[in-house]
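Data first, discussion second: the structure below is written as structure tokens.
Just so it is clear, none of the values below were taken in a lab; they were calculated from the coordinates. Just so you know, these numbers come straight off a predicted model, no measurement behind them. So basically every Cβ, Gly included, is an ideal-geometry build from the backbone, and we count neighbours across all protein chains shown.
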Amino acid sequence: MDFKKIDHIGIVVRDLAKAIDAYSAGLGLVAEGTGEIEDVELRVAFLKARDVSIELLEYGNPELPLVELLHGNREGLNHICYEVNNMEEALEKLASRSFKVVPGFPRKGAHGSVAFLIPPHTDDERIEIMEKDHE
């Protein structure tokens, strides 16, 4: 398994427009785009901070079961996403090290195949791995 890099940091917000404004005015970050994942009622804004992206995540219904599993019902720092070369290989290796895949994953994300995992040391943390779509 080869972790290429940290791809992004996910932050759950209540109001996407206000959060974009705060990150732009306060930190000088510019939104590079937005997107939606309809089945989990997610609106996301992508901001760049040098080599790492910041994803601001606004869930329309934080009580959806999948959103609750992802802690999308909790404002603030949500996850760190690591880019991998091969999703299947990464999942096998992490499972062998007692990481648990969040039910419903892997699945299509904003930029490729994604999976969220729960590390063996705590049920409160979420880690995302992503294999980007080949362009």
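At-a-glance table
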{"item": "Residue order, fewest to most surrounding Cβ atoms within 10 angstrom, among Y59, Y82", "result": "Y82, Y59"}
{"item": "Distance between modelled label sites at N61 and T34, nm, 7 Å Cα→Cβ extension", "result": "2.1 nm"}
{"item": "Cα→Cβ-extended label distance, 7 Å offset, between K108 and L69, nm", "result": "1.9 nm"}
{"item": "Among R50, R14, R74: highest mean-square fluctuation, GNM of the chain, C-alpha pairs under 10 Å", "result": "R50"}
{"item": "Inter-probe distance in nm under a simple model that places probes 7 Å from Cα toward Cβ, at I6 and L27", "result": "1.1 nm"}
{"item": "Crossing angle, helix 87-96 versus the chain [Cα axis fit, 0-90 degrees, rounded to tens]", "result": "60 degrees"}
{"item": "Residues K132 and A49, FRET efficiency given R0 of 25 Å [Cβ-Cβ distance, rounded to 0.05]", "result": "0.85"}
{"item": "Ranked L42, L29, criterion: other C-beta atoms within 10 Å, fewest first", "result": "L29, L42"}
